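To start, the structure under review is shown below, and the notes come after it.
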Amino acid sequence: METGRGLCYAPRQRSSHWGVLKMAATHEVTSLLQAWGEGDEAALEKLIPLVYRDLHQAARRYMAGENPGHLLQTTALIHETYLRLLGVEKVSWQNRSHFLAICAQLMRRILTDYARSRRFQKRSGKAIRVKFDEGLLVPSQPDPDLALLDAAMKKLAMVDERKSRVVEMRFFGGLGVEETASVLNVSPETVMRDWKYAKTWLLREMSGES
Amino acid sequence: MIEPERQRRAEELFHSALRVPASERATFLRNACADAEIREEVESLLAYESAASQ
């Protein structure tokens with residue numbers, strides 16, 4: 001299988017084995033997802049490092065793009081990586097939601113670390129700007145940067161942890177209302193209320209008032 | 001940061017106030033809540049709500 005060292009390869013250094021290795025790794029993720037879907041809890045533990053690596057690669061590719069200061073589409077990053085895999089027959093809807101929730105958590109960590117890294121800021125000269133899906137932020141306001149969002153979400157978690165998780169899943173994972181509700185074991189109405197309140201709360205927090 | 005019990009009350013009032021026309025919210029809050037700190041919290045959030053929901 002592919003090792004973690006693959007992350008450090010610059011594209012021109014990739015060997016011709018790259019494609020083969022990548023396929024093997026994808027196959028491994030698929031098998032683990034299926035095993036987990038069939039009730040093998042240990043498969044999830046093996047899956048997480050692979051998912052972390054995949055998402056890290058997706059984020060790196062994205063950030064290496066021509067315009068690194070442009071708006072992030074985190075949902076697209078996760079979906080691009082796993083959309084095909086999540087179609088596998090034996091992953092139930094509940095497991096799919098839980099899996100996306102885990103992806104959301106990992107993606108939040110990866111992107112926030114990236115946003116804070118001095119190397120990125122030095123190269124791009126800009127912070128990574130974010131825009132929530134479903135229009136959390138108004139076009140007339142400057143988009144806040146990702147590090148600021150993470151800090152505000154940590155504060156929100158201290159006030160109400162569930163609301164912070166709702167934002168994490170919906171924004172970083174692209175989970176729908178029903179999927180988020182299923183992971184948190186609450187009603188869809190509760191998720192909608194949490195989402196509405198949390199968006200407002202975060203916007204205020206990021207504007208520097210509270 | 002206000003304590004959890006009052007935070008919950010503020011959240012309930014936030015959602016209730018959103019069902020009242022914007023022009024009547026101040027009156028609604030004065031009638032619905034005697035606690036000035038909670039009222040201020042709700043009013044402060046409501047000021048950001050229209051921006052957040054656009």
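Rundown of residues vs (1) modelled with pLDDT under 95; (2) open to solvent by less than 30 Å² (accessible area, probe 1.4 Å), yes/no style:
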position	(1), (2)
B:8	yes, no
B:28	no, no
B:31	no, no
B:51	yes, yes
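Do we find that residue B:13 is touching a residue at least 24 places away in the same chain (Cβ under 8 Å) and either in contact with a Phe, Trp or Tyr (Cβ under 8 Å, 6 or more places away or on another chain) or farther than 24 Å from residue A:208 by Cβ (or both) in this structure? No; evaluated as a whole, the condition is false for this residue. For the range A:43-95, a residue qualifies if it is among the charged types (D, E, K, R) and at pLDDT 85 or above, and the qualifying residues are A:45, A:46, A:53, A:54.
In the set A:39, A:135, only one residue is modelled with pLDDT of 70 or more and in a loop (DSSP other than H, G, I, E, B); that residue is A:39. One residue alone among B:8, B:39, B:30 is without any contact (Cβ under 8 Å) to a residue 60 or more places away in the chain and within 14 Å of chain A (Cβ to nearest Cβ), and that residue is B:8.
Screening the candidates B:16, B:23, B:44 for the property of being within 11 Å of another protein chain (Cβ to nearest Cβ), surrounded by fewer than 17 Cβ atoms within 10 Å (Cβ to Cβ) and part of a helix (DSSP H, G or I) yields one hit, B:44.
The values are calculated or read from the model by the stated rules, or taken from the named source; none is laboratory data. Model, not experiment: these values are computed from the prediction. Every residue, glycine as well, gets a Cβ built from its backbone with ideal geometry; the counts of neighbours run over all protein chains shown. All accessible areas refer to the heavy atoms of the entire protein, side chains included, with ligands and DNA or RNA removed. Shrake-Rupley method; radii C 1.70, N 1.55, O 1.52, S 1.80 Å.
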